[in-house]
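Asks: Pasting a structure here, questions to come.
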Amino acid sequence: MASTSPPDKSESQSMSTKPSPDLLWALYATISQHGPTDLTVRTSDGGEFHVHKKVVCERSLFFNNALNGPFKEAASGVIDMPNDPPTAIIALLQFTYKREYDCHVVEGQPDSEPWRFHLDAYIAGSIYNIVSLKHYAKRRFTSTMFGLGPSGYSVIPKAISILYDSTPDTDRILRDWLEDFSFLQLGKLMTDPEFLVVMATFESFRDAIARATNAERARVERLDDHVADVQWFVKNRVFHGPPERVYYRCPNCRYKMTLNGPSQLKTVYCVGCKQVSNDYCWDWGRYDPYTGESASTTDIETV
Ligand SMILES: [Zn+2]
């Protein structure tokens, strides 16, 4: 492949996964609708896929550069892709035609599972720089994870390990999701020895969890302030007359809510994003009981 070859991937990327006949058939069915082919893609297991240059070049800069530059692939019309799981290449090829791919796995074959299929497809999207494939594979991956229920937790360390070994730190789409999910489920995941190994191995993942933990600590401190604020307000309510209804719009998530008597509060808790903001950060106004509308914020003096 000369200089158009992507970098070799880690050993952790299994090459043993064989495509299922259904998967091959889905790809053939897609390609055959587009007439005579002019490009052959070879996978690591010896598979050859006859596709259309125009279609794959349109979707992928990698194919475009390889087939329209001074490389041997441009002359030979053959592209070897020996470093990727064949299932991922099939998913990639089908995606270039349909903007979606079929997921078929081989029952009983190690590493042939839907979550792994989508993860490999995501990694192929990252290596061959097809952002839309990454977004699509991430959606398929996350919905598969949610479908797994509690057994999905055991998949998380494996998925992190494969993803972080195979993609750069700057590739954020699936990393962001895995980091957020891991942080939210940290209590459960920390009981899994494999997850602890992942924490010890991948510094950028560990840093992300540490950052999220610090942000959460700061949020809880703000929440403590807010509780003290509310306690003060409840204790002194009698001195402030009847509460007025005021609406707030959160500066963080734009969630809008109506509160009773908050004008003495210095902090407001947003039920939308669970953050606490100072009242002067909020876009707020009085609630009009006759129209149900809120007055313009410019009419209101802030406390
Ligand atoms: Zn909010």
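Asks: Take segment 14-70 and flag every residue that is open to solvent by 30 Å² or more (accessible area, probe 1.4 Å), within 29 Å of the chain's Cα centre (by Cα) and not hydrophobic (A, V, I, L, M, F, W, C).
Replies: Across segment 14-70, the qualifying residues are Ser16, Lys18, Asp22, Ser44, Glu58, Arg59, Asn64, Asn65.
Asks: What number of residues in segment 84-138 are more than 13 Å from Ala159 (Cα to Cα) and part of a loop (DSSP other than H, G, I, E, B)?
Replies: 18
Asks: Consider segment 162-179. How many of its residues are assigned to a helix (DSSP H, G or I) and surrounded by 13 or more Cβ atoms within 10 Å (Cβ to Cβ)?
Replies: 11
Asks: Does any residue of segment 257-267 turn out to be under 30 Å from Tyr164 (Cβ atoms), at pLDDT below 90 and within 16 Å of the ligand (Cβ to nearest atom)?
Replies: No: segment 257-267 contains no residue that is under 30 Å from Tyr164 (Cβ atoms), at pLDDT below 90 and within 16 Å of the ligand (Cβ to nearest atom).
The values are calculated or read from the model by the stated rules, or taken from the named source; none is laboratory data. Not measured: the values here are computed from a predicted model. Methodologically, a virtual Cβ is constructed for each residue, glycine included, from the backbone with ideal geometry; neighbour enumeration extends over all protein chains shown. The protein model used for the area step is the full one, side chains on, heavy atoms only, and it has no ligands, DNA or RNA in it. Shrake-Rupley method; radii C 1.70, N 1.55, O 1.52, S 1.80 Å.
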